[in-house]
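Derivation of every value follows stated rules applied to the coordinates shown; laboratory data play no part. All of these numbers come straight from a predicted model, not from anything done at the bench. Cβ placement follows ideal geometry from the backbone for every residue including glycine, while neighbour counts extend to all protein chains displayed.
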Amino acid sequence: MKTELSAPQVEFYRENGFLVVGDLLDGEELERWRAALADGMARHFRISGRHNQGRDDHYEGVFVQCVNLWKTSEEIKALVTDRRLGRLAAMLAGVDGIRLYHDHALVKEPWAHPTNWHVDNAMDPFHSRQSIMLWVALDDATLQNGCMYFLPGTHKRSRFDVTGNLNEAKIDGLLEEYPEWREIEPAAAEVKAGDGVFINGMIAHAAGPNMTTHPRRALSILFMPEGALYNGRPAALPAEVAEHLRVGDVVADDKHLPLIYVKGSFDD
Ligand SMILES: O=C(O)CCC(=O)C(=O)O
Ligand SMILES: [Fe+2]
């Protein structure tokens, strides 16, 4: 596993709002992540996917998704609470501590719809320009099978009240709110299996359709900066956490939102 970042990589992330880290996982680790994902998803509740729970709206055709696999899979828990990854996220975000908000399995199946332009943190239970996620490719992600795209630099100017709607047959709804962004050339993030993409929670991003006969698998880790404040949206917080929070409270629950990394701890 890559456990260090160069100063130019940190600078690229801060300037552009995303960073591809090639070969984040080595070959053996990639196989371990793939096996953990398959096992975890086979036993877990799906929040979307075609013919999922009898629903058939647009979003069901974007990807098969599960969240919080770590709660039912010890193997996934070990992967997504790895403090080395939390440390990289903290370095990029410029924060002193990182919690796990949730993990997220994202499988774009053959003929899956594109993922509409959206901004993640606008949907989260806390608002922070330092919010960050790590999206780990478990297959090569290409222009053909639905790699991600970013509008570089938009993390500096996006607003917390505009999310974009993933459940409509319209890829550019977000850009109606930000017409000036139509001039920004998207950066396609074609990556290899085992590469990781760190993504600022406030950057506009999207993904293409999968025009191949194979699934495009990814497992992402959504981090939460330590000290983040509740904004009143329960989002993916467990009900037993959200029900005790009032707007403005620090979101900190060591059972459901484990503290993965604290700067200055033993082996820094
Ligand atoms: O995997 C994808 O296609 C997009 C994922 C994404 O936008 C997200 O997880 O926030
Ligand atoms: Fe997203």
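Modelled spin labels at ASP39 and GLU75, positioned 7 Å past Cα toward Cβ, are 0.3 nm from each other. The listed peptides 206-214, 101-109, ordered by packing as a protection proxy, come out as 101-109, 206-214 (highest mean of other Cβ atoms within 10 Å first). From the square roots a ≥ b ≥ c of the eigenvalues of the alpha-carbon gyration tensor of the range 1-137, which class results: rounded (a/c under 1.5), prolate (a/b over b/c), or oblate? Because a/c hits 1.5 or more and a/b exceeds b/c, the range 1-137 counts as prolate. When the inverse distances between all different Cα atoms of the range 137-183 are averaged and flipped, the Kirkwood radius reads 12.7 angstrom.
Rounded to the nearest 20, the Cβ-based charge dipole of the chain about its Cα centre (Lys and Arg +1, Asp and Glu -1) stands at 280 debye. The relative contact order of the chain comes to 29 percent, based on Cα pairs under 8 Å that sit 6 or more residues apart. The 3J(HN,Hα) values that the Karplus relation (6.51, -1.76, 1.60; θ = phi - 60°) gives for the range 208-219 are, in residue order, x, x, 9, 9, 9, 8, 10, x, 10, 9, 8, 10 Hz. Gly and Pro appear as x.
Looking at the range 182-268, the chymotrypsin sites (Phe, Trp or Tyr not before Pro) that sit in a DSSP loop and have at most 11 other Cβ atoms within 10 Å of their own Cβ are PHE266.
Here the extension length gained between SER265 and ARG14 equals 87.9 nm, from 0.36 nm per residue of separation less the Cα-Cα distance. Here is the list for the range 20-50: trypsin sites (Lys or Arg not before Pro) lying in DSSP coil, each with at most 13 other C-beta atoms within 10 angstrom of its C-beta, are ARG43. Descending by average beta-carbon neighbour count within 10 Å, the peptides 63-76, 247-260, 127-140 line up as 127-140, 63-76, 247-260, the highest first. A simple spin-label model places the labels of LEU229 and ILE184 2.5 nm from each other, with each point 7 Å out along Cα-to-Cβ.
Its residue count N fixes a reference of 2.2 N^0.38 Å for the range 77-205, and the Cα radius of gyration divided by that reference is 1.06. From the square roots a ≥ b ≥ c of the eigenvalues of the alpha-carbon gyration tensor of the chain, which class results: rounded (a/c under 1.5), prolate (a/b over b/c), or oblate? Here the chain falls in the rounded category. With 0.36 nm allotted per residue and the present C-alpha distance subtracted, the MET123-GLN144 stretch has 4.8 nm of extension available. Annotation for GLU31 and ARG84: the two label points, set 7 Å from Cα along the Cα-Cβ direction, are 1.7 nm apart. A DSSP coil position with no more than 15 other Cβ atoms inside 10 Å describes the following trypsin sites (Lys or Arg not before Pro) in the range 149-189: ARG157, ARG159, LYS170. Of the cross-linked pairs LYS108/LYS170; LYS2/LYS77; LYS71/LYS156; LYS71/LYS108, which ones have a Cα-Cα span greater than 28 Å in the structure shown? Check vs 28 Å cut-off fails for LYS71/LYS156.
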